[in-house]
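One structure below.
The values are calculated or read from the model by the stated rules, or taken from the named source; none is laboratory data. Model, not experiment: these values are computed from the prediction. Neighbour counts run over all protein chains shown; Cβ positions are idealised from the backbone, glycine included.
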Amino acid sequence: MGNIASSEQIFATWVLIVIYAAVVLYLVIRGAKKTQNLDDYALGTIGFSPVAVGLALAASVTSAATFIINPGFIALYGISGVISFGIVMPLAIYISLIIMTKGFRKYGETTKALTMAQWIGKMYDSKAFAIYFGFLSLLLITFIVLICVGVTQVLSKALNADPVWVLTVVVAFVFGYMMFGGANSMIYTNAIQATIMLVVAFILLFSGVEYFENGIDGFLEQLAAVDESLVKTTNPSSFLFRDYFEIIYCQFVIGIAIVCQPHIITKSLLLKSKNDINKYLLVGIIALSVFFSVVFVGLYIRLYFPDLTINGTKMPMDSLVSYYVVSKFSVYTGLLVILGLISAGLSTLEGLIQTLSTTITSDLMDPIVGKRLGFDSPFKKIFFNKMVIILLGVVSFLLSYQQLLSPNLSVGIFAQNGVYAYFSAAFIPVLFGTFFRNVSFKSVFAASVTAIVVHFSVYYGHITAYMQETINNPAIASTIAILSSLLVGVIMHFIEEFRKVKTEDVY
């Protein structure tokens, strides 16, 4: 496809990477000094401000998917994608955050839960349920892969470097420093990253201002001249935005449930007190509103590359943002944008590594082999947590390498399938645990298993007319899974309540 970065861009990018790495390592070393055990690694020892945690929340929710991958979908499919990814899903996420955060934090604080699996296990008084969710958490590796691929695409284009070597360095560096700092360093790096992301979001959003010389109508006319389907609110030729069921209904359900990811909902446990929740949510939602609007840049990309080719070669969807940044901006503006894109990826990657490694160590290894490995010692537990991070790094590298070489259109589909399955299974246990009392373990366990079975059955079994393409929409499978899970959970709950009433009547 050819190299597009100039020698000046390459040199400036290397300087940026060195400075960025130095700042991150300084914060990690500072945080590591205060990390004495796994509790410190998971929740930190510092009293974090609601502004810092709110910015960390926003950075964790959006990530490389919003800044690097999703604009590619919009470049391909147009306004229908903006409605889905830029309006409906964010609105549902805000509603879910506002409704669920207070209840989750209240119970999480009283149980001293470090992870989502622990929260669920303690809520339903079942160690087996915590172990079950520990295993389910492994599905989140797919999201780690998305971020690794996204960051690799950006850096490899900016450096004119082999993506495999870039991927190797990214994985080694990020997984390496996450072995030490944990929450004590992550909240500060996330807050700094989110601030950079805010600046970069505005740069990206204003990068297409010339397309609005004749107003919104003129902008839409330019898009229609490229492809009329780009300006329509549905896009039957796509596999994600074919009708309003996919664009609105499914995305709203997904947005409500997406909050039930451990690196998102557990952020509230880092607040000093319940009085900080409103400020935390306000800061987080304002920042999120800016971040989610970045998907609109996909429309600029389509106008900048009407046929989505460069030097006569078709660009992969996951590389569209990278090519746009390197081609469109001056060296130093481009450098700042690249910094923002890296920040978007690493902010979430840090949270995923932290929560997933803590879950594997505390919720899988500890109850199964903890005594044999000497987990009574905080230092041994931290040591094995570091070994888990190394193993996660190796697995993530291998899966990312495969997605770089042969993605199914986009690494986004691979990630959605895994992540959507996870939060489909988590949604009912978190929802019922947050808002209802005396919910039986049987009800939520049946609901959770139903969600997993239905999600993968619909997706891989090609169930429903929507799932008959070579590339299918994981949101369809997840929506059906969540609704099936809700139905099973409610029915089981009422059956259990009916049995209790009958038993009380007998006695």
Handout entry: Unique match (being out of contact with any His (no Cβ under 8 Å at 6 or more places or on another chain) and modelled with pLDDT under 90) among 479, 464, 470
Key = 470
Practice task
State whether one or more residues within region 313-332 are over 24 Å from the mean Cα position of the chain (by Cα), acidic (Asp, Glu) and over 22 Å from residue 199 (Cα atoms).
Solution key: no
Handout entry: Residue in region 210-223 that is in a helix (DSSP H, G or I), under 18 Å from the mean Cα position of the chain (by Cα) and modelled with pLDDT under 95 present
Key = no
Exercise for the section: Give region 180-193 a look and list any residue that's at pLDDT 70 or above, within 16 Å of residue 354 (Cβ to Cβ) and assigned to a helix (DSSP H, G or I), or say none. Expected result: 188, 189, 190, 191, 193
Handout entry: Output for region 459-476, where each listed residue is in contact (Cβ under 8 Å) with a residue 60 or more places away in the chain and assigned to a helix (DSSP H, G or I)
Key = 466, 474, 475, 476
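Yes/no per residue for (1) surrounded by fewer than 21 Cβ atoms within 10 Å (Cβ to Cβ); (2) within 19 Å of the chain's Cα centre (by Cα); (3) among the acidic types (Asp, Glu):
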position: 396; (1), (2), (3): no, yes, no
position: 401; (1), (2), (3): yes, no, no
position: 407; (1), (2), (3): yes, yes, no
position: 413; (1), (2), (3): no, yes, no
position: 419; (1), (2), (3): no, yes, no
position: 443; (1), (2), (3): no, no, no
position: 450; (1), (2), (3): no, no, no
Practice task
Pull up region 118-172, narrow it to residues that are hydroxyl-bearing (Ser, Thr, Tyr) and assigned to a helix (DSSP H, G or I), then point me to the one that is surrounded by the fewest Cβ atoms within 10 Å (Cβ to Cβ).
Solution key: 168
Fill in the blank from the handout: Filtering region 265-283 down to residues that are under 18 Å from the mean Cα position of the chain (by Cα) and crowded, with 24+ Cβ neighbours inside 10 Å yields 265, 266, 267, 268
